[in-house]
1. Applying the selection to the stretch 121-154, what residues are in contact (Cβ under 8 Å) with a residue 24 or more places away in the chain, part of a helix (DSSP H, G or I) and closer than 19 Å to residue 91 by Cα?
2. In the stretch 85-120, what residues are part of a helix (DSSP H, G or I) and under 23 Å from residue 193 (Cα atoms)?
3. Of all residues in the stretch 162-186 being within 14 Å of the chain's Cα centre (by Cα) and in a helix (DSSP H, G or I), which is surrounded by the most Cβ atoms within 10 Å (Cβ to Cβ)?
4. Filtering the stretch 59-84 down to residues that are part of a strand (DSSP E or B) and touching a strand residue (DSSP E or B) at 6+ places or on another chain (Cβ under 8 Å), which residue is nearest to residue 165 (Cα to Cα)?
5. Going residue by residue through the stretch 84-101, is there one that turns out to be buried (at least 21 other Cβ atoms within 10 Å of the Cβ) and modelled with pLDDT of 95 or more?
6. For the structure I just gave you, tell me whether residue 49 is surrounded by fewer than 16 Cβ atoms within 10 Å (Cβ to Cβ) and modelled with pLDDT under 95.
7. Pick out, from the stretch 195-267, the strands (runs of 3 or more DSSP E) lying fully within it that include 1 or more residues that are touching a residue at least 24 places away in the same chain (Cβ under 8 Å) and either out of contact with any strand residue (DSSP E or B) (no Cβ under 8 Å at 6 or more places or on another chain) or surrounded by fewer than 17 Cβ atoms within 10 Å (Cβ to Cβ) (or both).
8. What do you reckon, is residue 248 more than 25 Å from residue 58 (Cα to Cα) and at pLDDT 95 or above?
């Protein structure tokens, strides 16, 4: 990507003192507290932390799937709900969530159908995004005929189909084996490079977070808060063997220390 990608632009996502408390019959549950974060255009931001730290909740707040109870957040200068209605982002869930009775192409075209795109536009967009995720030739297959990794690639294609600037991904590779996961990590970086999207990515994996990200947000257990934000010095061109370099290992160590520090507050 070009070096001036963020020059003269406002943050794509900006949160200040963000908090979210769920009211339950057993009392309040503080899911997020004091979250302040700025994400620039073209950033690849990973959110990492133990289960229950609020990383998925934070992603859902960005996507207007949850409403904060404290602080402020903007997405492309709008409220998350306004950004949702402006189709500012695509969302990829942990499971591919493809309809088994629809072909891969028909699954990818579903949001375009809902948005009222013409049939010709649907066909053209589906063709382009399936090529982006290297699924050309599988348009007429059904989800059950594809591997888990290919199904996730189809899910990513569906999220890209209406060309939103932001891609939000909630542990999309968490259920896949390490070999497939490595391959999809490489493909995701290539896709990010080609499209220039801003990506928010939830993961439990330290190597995955360090390998993918320009910025790593380390979070603590409930009440979920940010314990460290690491701007990665790694180059954008990242072969898998970069994970053996001293620079990579040093960042991974800092992430691990941040996770330990956060856990220590709860021991």
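The values are calculated or read from the model by the stated rules, or taken from the named source; none is laboratory data. Just so you know, these numbers come straight off a predicted model, no measurement behind them. Cβ: placed from backbone, ideal geometry, glycine included. Neighbour counts: every protein chain shown.
1. Pass one, the stretch 121-154, residues in contact (Cβ under 8 Å) with a residue 24 or more places away in the chain: 125-126, 129-130, 132-135, 138-144, 146-149, 151-154.
Applying the additional criterion that residues be part of a helix (DSSP H, G or I) yields 125-126, 129-130, 132, 143-144, 148-149, 151-154.
Correct list: 125, 126, 129, 130, 132, 143, 148, 149, 151, 152, 153, 154.
2. From the stretch 85-120, those part of a helix (DSSP H, G or I) are 85, 104-115, 119-120; that's our starting set.
Hit for the stretch 85-120 is 108, nothing else.
3. Narrowing the stretch 162-186 to residues within 14 Å of the chain's Cα centre (by Cα): 164-174, 184-185.
Then keep just the ones that are in a helix (DSSP H, G or I); that gives 184-185.
On the way: 184: 22, 185: 19.
The qualifying residue surrounded by the most Cβ atoms within 10 Å (Cβ to Cβ) is 184.
4. Quick first cut of the stretch 59-84, residues part of a strand (DSSP E or B) only: 70-75, 78.
Applying the additional criterion that residues be touching a strand residue (DSSP E or B) at 6+ places or on another chain (Cβ under 8 Å) yields 70-75.
On the way: 70: 26, 71: 24, 72: 21, 73: 17, 74: 14, 75: 11 Å.
Going through the qualifying residues, I end up with 75.
5. No; the residues of the stretch 84-101 include none that is buried (at least 21 other Cβ atoms within 10 Å of the Cβ) and modelled with pLDDT of 95 or more.
6. On the way: surrounded by fewer than 16 Cβ atoms within 10 Å (Cβ to Cβ): no; modelled with pLDDT under 95: yes.
Against the criterion (surrounded by fewer than 16 Cβ atoms within 10 Å (Cβ to Cβ) and modelled with pLDDT under 95), residue 49 does not qualify.
7. Values: elements: 198-203, 215-219, 226-231.
Per the criteria, 226-231.
8. Details: more than 25 Å from residue 58 (Cα to Cα): yes; at pLDDT 95 or above: yes.
Yes: the conditions hold for residue 248.
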